[in-house]
Amino acid sequence: MPAQLAPAFQHDAYLFRRKFFKVFGAAFHAYDLQGRLLFYSKQKAFRLREDIRIYSDEMQRQELLIIKTPQILDLAATYNIQDPATGEFVGSVRRKFLKSIVCDEWQLLSNKGNQIGTLTELNLAAALISRFVNLVPQRYIITDAAGRRVARIAQHFNPIVLKYTMTIEEPQPIIDRRLLIASGILLAAIERRQD
C-alpha cells in the first residue's frame, strides 16, 4: 500500500449512490457520512469491455481509480484496479459467476493474483427474493483471507434509488482501501444493473 493515499480513501464509512434517471449508461456517487462528495463515475452504455473511471468530482478534475476488465463480455469477469496517479496495479475483484446466480460472491485478489479477501452476500433467502423483486435490501461482508471481517455493506431500502453504505471496520485494514472502495463501486455498477 502506498505511504499516503488520497484523502478520499481515508474514511471509515461511505455512501454509494447510483443515479436513477439516466437513459444510457449509469452515474455513481460516493459520499462521506456528512454528505461530501468523495468519488464520481459516469459509466458508458453498450461497452464490450468494462472501463470505469473514478473521479474526485463531477467535473472529473482528478482521476482516482481505474476499473477495467481485460476480457470481452465475460460473465465471471475479473476487474483490474489501477491507481492512475502512480500507475500502480492495486489488485483485482473477481466475480464468482455460478455462486452469484444464487448469492453474490466476489474474490478480492492482490496485485500478485493471490486471494486476500471475499465479498459475500449474507442472507440467502433475501438474495433469492431480490433476484425476482428488488424490495429486499441486501447485506454483504468483506472478509480477509483469514476470515476476519474487514468491512460490511448494507443496501438501503429504496425501490427507486440504489444506495449502499460501506463501513470499514479496521482503521488499517489488511486489504488495500482502494480495493475495498472498488468493491463497493462494483456492487452498484454491476450487481444491480438490472434494477
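Every number in this text was worked out from the coordinates using simple rules, so none of it is lab data. Given the structure is predicted, the values throughout are model-derived calculations rather than measurements. Neighbour counts are summed over all protein chains in view; Cβ atoms, including those assigned to glycine, are modelled from backbone coordinates with ideal geometry.
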Handout entry: Distance (nanometres) between label positions extended 7 Å along Cα→Cβ at Ala85 and Gln60
Key = 2.0 nm
Problem - Virtual spin-label span in nm between Ala27 and Lys96, 7 Å along Cα→Cβ - result: 3.6 nm
